[in-house]
1. Just to confirm a number: summing +1 for Lys and Arg and -1 for Asp and Glu over residues other than Ile62 whose beta-carbon lies under 14 angstrom from that of Ile62, what do you get?
2. Quick one: putting +1 on the C-beta of Lys and Arg, -1 on the C-beta of Asp and Glu, what dipole do you get for the chain around its Cα centre, in Debye to the nearest 20?
3. Is there a pair in Lys71/Lys246; Lys81/Lys143; Lys196/Lys287; Lys142/Lys246; Lys83/Lys138 whose C-alpha atoms are over 30 Å apart, and which pairs would that be?
4. Considering only protein heavy atoms and a probe of 1.4 Å, how much of the accessible area of the chain is carbon and sulfur, as a whole percent?
5. Packing-wise, with mean Cβ within 10 Å as the measure, how do 257-265, 82-90 rank, highest first?
6. Quick one: which residues, 5 or more positions from Phe129 or on another chain, have an amide H under 5 Å from its amide H? H modelled 1.01 Å from N in the peptide plane, none for Pro or chain starts.
7. Can you give the local net charge around Ser236? Use residues other than it whose beta-carbon is closer than 13 angstrom to its beta-carbon, Lys and Arg +1, Asp and Glu -1.
8. If you roll a 1.4 Å probe over the heavy atoms of the protein chains, what accessible area per residue do you get for the chain, in Å²?
Amino acid sequence: MNALQECLLEVLLEFKRVCDENNLEYFLDCGTLLGAVRHQGFIPWDDDVDVCMPRKDYERLIELDKQGVFKEKFAFKHWDKTKNYIWGYGRLEDQRTTTISSAFDWLKNSPLITNNRIAYKSGAGIDVFILDGGGADKSLAKKHFSFLVRLDAYICFRYRKLSPQHKKFPKKIILRFLALLSKNNLWINFLKWLYKYKIAKFPFDDKNSELLGNIVQMEYPSMQCLYPKSVIYPLSEVSFEGHTFKAPADTDMYLREMYGDYMQLPPEEERTGHLPAYVNLDLPYEKFDYSMIEKA
């Protein structure tokens, strides 16, 4: 492992500790799960960690965080707690470090974080995705997740610049109107309320649904995965960097649905991670300034 991966593993182990001690369900997800199955640890060029947990456990984690369950050097971040937070899922970060993402892609052609000097600053950490139920009707499930994805994106619209392709009327006018609205905190708070209301009123969760998914995957046309419940539950275990973590019941089906022939290594030119814009594992993110990127 490189130094960043070692730091990420430490954060992941802290997350696992809290989940295990409080009977919270979670499982390794996306490239982290792929790394566990194919490499028994990090994909050599990977530079992030993804986990997923049922929404009820995610909400319990938020409450437990208020009680100080995480060690002092870690910070659990999410919409309702962290000012200027830009993601629709949670993150557990090492406060002693700085990693500034090169981009966020809530909407297609979204801008670089660094180009917009977004106030949210982050440390080396893991993404905590949220598993939701979609019921048994695939069409209804896709509509539900699609609605959540759009709300998620509009909440972050204030950070997005219009791309050159948005010149046609009326799309240009609509997008400019949304961009103007997104500057208003009351509007953003209404969108957050609507998001939570939609979740609360949807009659399915991960336990009474035949189809499960998370909105992060739904944002990507190549990864719009809805999984049969039997693919995820009951959870299994995998080895990752010498430690045991939870995983979906059928890791093969889960990864094939997401990546296809996942055991086949990509071409060398595609073996890159997310390539953060700035990494300093000795700098607390609160001390970060964007001028540091220009000087690097």
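1. Surrounding charge for Ile62 is +4.
2. 2100 debye
3. From Lys71/Lys246; Lys81/Lys143; Lys196/Lys287; Lys142/Lys246; Lys83/Lys138, over 30 Å: Lys196/Lys287; Lys83/Lys138.
4. Roughly 53 percent, rounded to a whole number.
5. 82-90, 257-265
6. Amide H neighbours of Phe129: Val51, Cys52, Met53.
7. Local net charge: -3.
8. Using a 1.4 Å probe on heavy atoms only, each residue of the chain averages 49 Å².
The values are calculated or read from the model by the stated rules, or taken from the named source; none is laboratory data. What you see is a predicted model; the values in this text were computed from it and never measured. Virtual Cβ from ideal backbone geometry, glycine too; neighbours counted across all protein chains shown. To get the accessible areas, we keep the full protein, side chains included, count just its heavy atoms, and leave off ligands, DNA and RNA. Shrake-Rupley method; radii C 1.70, N 1.55, O 1.52, S 1.80 Å.
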